[in-house]
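Reading through the structure tokens given below for one structure.
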Amino acid sequence: MPTVYYRYVSYLPELEQLRDERKIQSTNPTTQYRTWYTTERYDSPDIAQQRLALKTRPLYRIGPISAEAMPDLTLGPRRVAPDFGQPGGGIEVAIDHPVWLFGVWNFDNQEWEMLP
Amino acid sequence: MTARKQATTKRFTVDFEHLDETLDAINEVMQQVAGHHKLRKTEIERWRWDQPSISLTWPCDDFIQRKILASLDIGSGVPADLYRLNVTVDAWKDDTLVVDDGIRVPVRYWNHERIQEKAFTTAGDFPVNYVEKAIQQAYQTVSSWKIDDLERRVAL
């Protein structure tokens with residue numbers, strides 16, 4: 001089965017960035033926008049929090065993103081260590097470049113257009 | 001109200017630079033602790049999954065991984081409690097477990113403990129002395145754990 005990646009997000013400004021710019025990337029400038037992904041799909045935010053050892057339950061899952069659409073990995077894949085009282089155990093990777101989503105830009109309206 | 005407007009209503013922003021200054025101060029303390037105890041193959045990592053935290057991890061001869069984590073939370077909002085610092089420790093060992101039918105399944109044995117929580121206001125009044133004490137205490141706690149102390153188990 002081909003590898004795909006998912007990102008789990010709780011920070012709403014990042015979701016706004018995704019909607020406005022069609023760009024998946026951390027909004028944290030102090031890490032040069034390093035962005036974390038996993039190869040695992042979780043249908044429960046509680047399981048995502050446990051497996052990725054996150055402080056809070058994620059609000060959104062972004063993906064799947066095919067490996068071909070991903071920039072080179074900066075870190076990983078590696079097994080998630082325990083953190084924040086969560087056991088970890090999932091798989092995580094990090095990249096230092098954005099992932100761009102397909103979109104249709106309307107020149108007249110100057111915004112991304114929703115397709116039927 | 002559209003989903004987008006709802007998201008905007010709930011929006012709050014993180015002052016990444018301000019929090020990163022605080023993580024810089026904690027980083028210095030972690031480096032000192034690692035040097036003082038002559039820890040080998042240490043890894044200091046911050047902002048994993050954009051979480052305002054910094055961790056010091058090191059492997060040991062007993063094949064147990066040990067970690068000290070310092071994380072920052074938004075406090076209650078009153079002037080003396082704008083931010084909170086939490087120091088926790090984890091230790092774990094990944095292994096295999098033979099189940100009834102002879103199949104080996106990967107498992108993680110681990111333990112976790114909260115060491116200290118402290119409120120503070122800004123990076124300027126960051127309680128460095130407190131952090132040194134908390135991280136030393138964290139080191140003493142996590143380094144004392146043996147394999148039998150890893151009482152929690154989770155399938156990998």
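The values are calculated or read from the model by the stated rules, or taken from the named source; none is laboratory data. This structure is a prediction, so every number in the text was calculated from the model and none was measured. Note: ideal-geometry Cβ built from the backbone for every residue, glycine included; neighbour counts use all protein chains shown.
Brief remarks on what is shown
- Set side by side, the residues B:Asp148, B:Asp90, B:Asp95 differ, and just one is crowded, with 18+ Cβ neighbours inside 10 Å, at pLDDT 90 or above and acidic (Asp, Glu), which is B:Asp90.
- B:Ala138 vs. criteria at pLDDT 95 or above, assigned to a helix (DSSP H, G or I) and not β-branched (Val, Ile, Thr): yes
- Identity of the residue in the stretch B:1-13, β-branched (Val, Ile, Thr) and assigned to a loop (DSSP other than H, G, I, E, B), that ends up modelled with the lowest pLDDT: B:Thr2
- Test: residue in the stretch A:68-88 that is small (Gly, Ala, Ser) and not in a loop (DSSP other than H, G, I, E, B): yes
- The number of residues in the stretch A:37-58 being exposed (fewer than 15 other Cβ atoms within 10 Å of the Cβ) and facing chain B (nearest Cβ under 9 Å) comes to 1.
- Residues that are of a type in the set (A, V, I, L, M, F, W, C), crowded, with 16+ Cβ neighbours inside 10 Å and either under 12 Å from B:Asp90 (Cβ atoms) or touching a Leu at 6+ places or on another chain (Cβ under 7 Å) (or both), drawn from the stretch B:103-130: B:Val107, B:Trp110, B:Ile115, B:Phe120
- Of everything in the stretch B:41-61 that is modelled with pLDDT of 95 or more and charged (D, E, K, R), the residue that is surrounded by the fewest Cβ atoms within 10 Å (Cβ to Cβ) is B:Lys41.
- Within the stretch A:24-36, if we keep just the residues that are facing chain B (nearest Cβ under 9 Å) and β-branched (Val, Ile, Thr), the residue that is surrounded by the most Cβ atoms within 10 Å (Cβ to Cβ) turns out to be A:Thr35.
- Residue, farthest from the other protein chains (Cβ to nearest Cβ), within the stretch A:64-116, restricted to residues that are surrounded by 18 or more Cβ atoms within 10 Å (Cβ to Cβ) and more than 23 Å from B:Ala91 (Cβ to Cβ): A:Val99
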